[in-house]
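Bear in mind that the values in this text are calculations on the coordinates, not laboratory data. Quantities reported herein were computed from a predicted structural model and do not represent experimental measurements. All Cβ positions, even for glycine, are placed from backbone atoms using ideal geometry, and neighbour counts span all protein chains on display.
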Amino acid sequence: MAHEPFELRVVANEDRDYGLALYQRPLSDRRRHSDNGQWRMVVQVSGAPLQSVMDQVLGTIKQAGYRPSDLSGSRRVPFALDEQLGVRLGLLFLAVKPLRKIARMCEISEHVRAMTEEEAYYWFSKTTNHEIGRRSQKAMRILLAKE
């Protein structure tokens, strides 16, 4: 698991709570299987958006071979995630992070869960693009929440 392309890291907050940050290994390092490059943070989420998708976070951790109880605010070792799990989790975090309405978060969460792998990869590539990422994130939220 040392060469997985994604890492999910626990980020401590000031108020005894915690958030999660998803990092992606640079593509050049994945091809060489080295750990020399800098990991790129894809997205960091906390608070209500994180709580609204915690079931999917725990499911992802379990699919990656960890116990759901391994996730805690005191954890310092990142969770290594394969590409499919990292892409879907990153897409989910990007979609719900700026939202305030729990109902919209839940609706979008269910749509992301139901996406095919091809759809998830397509939207992940669009929403993490440096030039069009923000617009793509908004477009995806509008499409998924039917607003």
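Among 91, 27, 71, the residue with the largest mean-square fluctuation in a Gaussian network model of the chain, with springs joining Cα atoms closer than 10 Å, is 27.
Database remark: amide H of residue 6 closer than 5 angstrom to the amide H of 25, 81 (H placed geometrically; neighbours at sequence offset of 5 or more, or on other chains; Pro and chain starts carry no H).
What shape does the stretch 65-111 have by the C-alpha gyration tensor, where a ≥ b ≥ c are the square roots of the eigenvalues, rounded means a/c under 1.5, and otherwise prolate means a/b greater than b/c and oblate the rest? Intermediate values should be presented prior to the final figure.
Working: a/c = 2.41, a/b = 1.64, b/c = 1.47.
Here the stretch 65-111 falls in the prolate category.
Remark on residue 64: its backbone amide H falls under 5 Å from none of the residues 5 or more positions apart or on other chains, H modelled at 1.01 Å from N.
Think of it as helices only: each DSSP H run of n ≥ 4 in the chain is worth -39500 (n - 2.57), and spread over all residues that comes to -15000 deg cm²/dmol at 222 nm. Across the stretch 59-75, rounded Karplus estimates of 3J(HN,Hα) from the backbone phi angles (6.51 cos²θ - 1.76 cosθ + 1.60, θ = phi - 60°) give x, 5, 4, 5, 4, 7, x, 9, 8, x, 6, 5, 7, 8, x, 8, 5 Hz, Gly and Pro being marked x. In this calculation the C-beta distance from residue 110 to residue 38 is compared with R0 = 35 Å, giving a FRET efficiency of 0.55.
On the basis of the beta-carbon distance and an R0 of 22 Å, residue 101 and residue 11 show a calculated FRET efficiency of 0.40. Compared with the alpha-carbon gap, the fully stretched path from residue 117 to residue 145 is longer by 8.1 nm at 0.36 nm per residue.
The lysines whose alpha-carbon is closer than 25 Å to the alpha-carbon of residue 62, local same-chain residues fewer than 8 away aside, are 97.
The ranking of 18, 23 from fewest to most other beta carbons within 10 Å of each one's beta carbon is 18, 23.
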